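We did not get these values from a lab; they are worked out from the coordinates using the rules stated. Remember, predicted model here, so these are calculated numbers, not experimental data. Neighbour counts run over all protein chains shown; Cβ positions are idealised from the backbone, glycine included.
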């Protein structure tokens, strides 16, 4: 699909057609696009938890205050991000070392700089950066999903600790947001909300 059409057609779906199945194979096509998302220092801290099981979806719905869109969706996806992703610098760049793109000295320097950057700024910054990176990845997920014919809705209305416990999400990972995915029930679609004109949200200096 043409990119401008993807942007125009992507909507936050408030209801989905029931009993539309999505498979891991369908989702992996989307995730194959998502892996190209930008991330701080290419640390790729975003990790997804995909809920396909109907019983588990019911439990997720309870943790999300009973929202119906979870019930009608084909899957529910939790976007999480590792606050300590900088600790993976060496593992992530080993391939570059073996290919000769990086020298051992350059890799050690990169590791030291990443540790210093994040540890000097502390836990609050690490949390903020996890949310930034998770949000970048999640937006690409929603656009990639639309490109492949799926509709989505980003959600923040859920009990984070309930979700963390339910899905065994480690405490080192920030729960960034929830995304429901399926085929939108267009008869339930609301009018698109007001969008500010450019002059209200862009300043040139």
*What are the residues in region 5-21 that are farther than 15 Å from residue 140 by Cα and either surrounded by 12 or more Cβ atoms within 10 Å (Cβ to Cβ) or touching a residue at least 40 places away in the same chain (Cβ under 8 Å) (or both), if any?*
13, 14, 15, 16, 17, 18, 20, 21
*Can you pull out the residues in region 116-174 that are over 14 Å from residue 80 (Cβ atoms), part of a helix (DSSP H, G or I) and in contact with a strand residue (DSSP E or B) (Cβ under 8 Å, 6 or more places away or on another chain)?*
142, 145, 146
*Listed residues 145, 130; which is closer than 17 Å to residue 74 by Cα, touching a residue at least 40 places away in the same chain (Cβ under 8 Å) and surrounded by 18 or more Cβ atoms within 10 Å (Cβ to Cβ)?*
145
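Tell me yes or no: at least one residue of region 115-127 is within 15 Å of residue 49 (Cα to Cα) and surrounded by 18 or more Cβ atoms within 10 Å (Cβ to Cβ). It would help to see each step written out before you state the result.
Within region 115-127, the first condition is being within 15 Å of residue 49 (Cα to Cα), and the residues that meet it are none.
Checked region 115-127: no residue is within 15 Å of residue 49 (Cα to Cα) and surrounded by 18 or more Cβ atoms within 10 Å (Cβ to Cβ).
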*Evaluation of residue 140 against (1) within 15 Å of the chain's Cα centre (by Cα); (2) buried (at least 21 other Cβ atoms within 10 Å of the Cβ) (one fails), failing number*: (2)
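Do you know which residues across region 148-159 are under 25 Å from residue 43 (Cα atoms) and either loosely packed, with under 14 Cβ neighbours inside 10 Å or touching a helix residue (DSSP H, G or I) at 6+ places or on another chain (Cβ under 6 Å) (or both)? Break it down stepwise before answering.
If we filter region 148-159 for residues that are under 25 Å from residue 43 (Cα atoms), which is where we start, we get 154-156.
Residue satisfying the conditions is 156 alone.
In region 75-109, what residues are in contact (Cβ under 8 Å) with a residue 24 or more places away in the chain, part of a helix (DSSP H, G or I) and crowded, with 17+ Cβ neighbours inside 10 Å?
From region 75-109, those in contact (Cβ under 8 Å) with a residue 24 or more places away in the chain are 75-89, 92; that's our starting set.
Retained after the next criterion (residues that are part of a helix (DSSP H, G or I)): 85-89, 92.
Selection gives 85, 86, 89.
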